[in-house]
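I have placed the structure first, in the form of structure tokens, so that the comments after it can refer back to it.
The values are calculated or read from the model by the stated rules, or taken from the named source; none is laboratory data. Predicted model only: the values in this text are computed from it and were never measured. Here the Cβ positions follow ideal geometry from the backbone for every residue, glycine too, while neighbour counts run over all protein chains shown. These area figures cover heavy atoms from the full protein model, side chains too; ligands, DNA and RNA do not enter into them. Shrake-Rupley method; radii C 1.70, N 1.55, O 1.52, S 1.80 Å.
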Amino acid sequence: MTHLTIQLMGPLQVELDGEPVTGFATDKVRALLAYLAIENDRPHRRESLAGLLWGGHSESAARANLRRALADLRQVIRDHDPGPPRILANRKTIQLNGSGDVWVDTSEFARRIAADTADDLEYAVALYRGRFMEGFSLGD
């Protein structure tokens, strides 16, 4: 099984087994992954995600865009490889699988800060590469 790494502190970086993932069709696909990574503690309703990323579109167009973005995301992070899925999705919700082989720097940072030992705090400081998603923006 491949290991997915998502770094949100500093420029957005995504890796599979240490190799950069660069095949995102659009920045909205990258934004979807980032949102699911930072908010990985619960499932998110599809209509909320569609409205968040495509709020200026009709509901049906926004939901169609979300379906395409999700399909692209699953392909680029090889979510169909053997092993637990990285993304849990059903007709109503989408969530990053916290029990899958996914590592997110912001989650690790929060865990290390909460542990409050010198080694954990040192590790947390080393994770910091810059501002949250530095240099990333969506035009609309």
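The mean accessible area for residues of the chain, using a 1.4 Å probe and ignoring ligands and nucleic acids, is 56 Å² per residue.
A straight chain from ALA114 to SER58 at 0.36 nm per residue would run longer than the Cα-Cα distance by 15.9 nm. Just so you know, the Rg over Rh for region 1-59 is 1.01, from Cα atoms, with Rh as the Kirkwood radius. Region 3-43 to region 96-132: how many Å between their Cα centroids? Each part reduced to its Cα centre gives a spacing of 15 Å. Under 15 Å from the Cβ of GLU134, count the other residues' Cβ atoms, weight Lys and Arg +1, Asp and Glu -1, and hand me the total. Within the 15 Å Cβ shell, the charges total +1. Taking the chain as a Gaussian network of alpha-carbon nodes connected by springs under 10 Å, the highest mean-square fluctuation of the residues LEU33, LEU127, LEU96 belongs to LEU127. The fraction of accessible area contributed by carbon and sulfur in region 49-109 is 52 percent, rounded to a whole number (1.4 Å probe; ligands and nucleic acids excluded). Springs between Cα atoms under 10 Å define the GNM used for the chain, and in it the highest mean-square fluctuation of ASP119, ASP101, ASP81 occurs at ASP119. On a 0 to 90 degree scale, rounded to 10, what angle separates helix 105-115 from the longest Cα axis of the chain? Tilt relative to the chain: about 40 degrees.
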